[in-house]
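Read-outs throughout are calculated quantities, based only on the coordinates presented, and are distinct from any laboratory measurement. Small disclaimer: the values here were computed from a predicted structure and weren't measured. Because the Cβ atoms are built from the backbone with ideal geometry, glycine has one as well, and the counts that use them run over all protein chains shown.
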Amino acid sequence: MKISVVIPSYNEEGNVFPMLEKLIPILDKYDDYEVIFVDDGSSDNTLVKLKESNKNNKKVHYLSFSRNFGHQNALRAGLDYSTGDCVISMDGDLQHPPEMIPDLINKWKEGYDIVYTLREDDKNTSFFKKLTANLFYGLINSIANINIPKGAADFRLLDRSVVEVLKNIKENTLFLRGLISWLGYKQYGIKYTPHERFSGKTKYSLKKMLMFAVTGITSFSVK
C-alpha cells in the first residue's frame, strides 16, 4: 500500500519544514509513501526549502510552476503526478491537521472511495467568514445539480480509481469540491477543527474568494 500526499504551496517558506516534521512520522508507519509539494509560482524561498527537503528525503518530491496558476490547478497537478493507491490532499499551512491522516486512511480501508473533511467553525472564525460560507453553500446547493456539504474542504482522501477519473476530466476552470461531489462513489465525511496557520498569511483575498465562489457556481449551474 502506497500513500500519496499532495500539498499545493504558494509563499509557504516558513511552513515547509514544520509540515514535514509533523507529516513524516505519521507516514513512516505505513508501507510506502510519497509527499508531493506543488510550488505555485512562489516569490519567496518556498522552492529553496522544497529542494532541500528532497535532498534530505527522497520520498519528498516537488513540482514548480513557472508562475502562479492558482490553488486548484496546483492541486490538480499534484493529483496527476501522484502514484499512490490513495491520494490525500491538504494545504501547506498546517491548518489541516496532519494527525487526522490515519482517520482518513482507516475509513478508506473500510471501503470508502472518497473520505472528505468538513471544517467546523470555532471561536476564532469571524462572523464575516461564517456568513459568506453559509451564503455560498446555500446558493450553490439551491441552483446547481450537486450537493456540497457545508464546510467541505480540499483536505480529503481519494482512492486511485477516483484520481484516474479526475485525470481524464479536462476542465479549464477547476472547482474540485464540486467535481468530487458530482462524481458520486462511496463517500464519507469527517469533521475537523482547523489549526491556526503556522506561518505567513492567507493567500485568499476577498477578491479571490469571490472569484472562487463564482467559478464554483457557474461550473455546475446554467441558471
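Filtering region 63-107 to residues that are of a type in the set (A, V, I, L, M) and either in contact with a Lys or Arg (Cβ under 6 Å, 6 or more places away or on another chain) or in contact (Cβ under 8 Å) with a residue 60 or more places away in the chain (or both) leaves 74, 75, 79, 87, 88, 90, 94, 100, 101, 104, 105.
Looking at region 1-112, the strands (runs of 3 or more DSSP E) lying wholly inside it that each contain 1 or more residues that are among the acidic types (Asp, Glu) and either within 17 Å of the chain's Cα centre (by Cα) or over 21 Å from residue 170 (Cα atoms) (or both) sit at 32-39. Being surrounded by 20 or more Cβ atoms within 10 Å (Cβ to Cβ), more than 23 Å from residue 162 (Cα to Cα) and touching a residue at least 24 places away in the same chain (Cβ under 8 Å) holds for only one residue in 15, 45, 57, and it is 15. I'd like the full set of residues that are surrounded by fewer than 18 Cβ atoms within 10 Å (Cβ to Cβ) and over 15 Å from residue 72 (Cβ atoms), limited to region 159-177. Listed by number, the residues that qualify are 160, 161, 164, 165, 168. Here is the figure for region 18-42: residues that are surrounded by fewer than 19 Cβ atoms within 10 Å (Cβ to Cβ) and under 17 Å from residue 74 (Cβ atoms) total 1. Note on region 147-158: among residues that are out of contact with any Lys or Arg (no Cβ under 7 Å at 6 or more places or on another chain) and crowded, with 20+ Cβ neighbours inside 10 Å, the one that is nearest to residue 85 (Cα to Cα) is 158.
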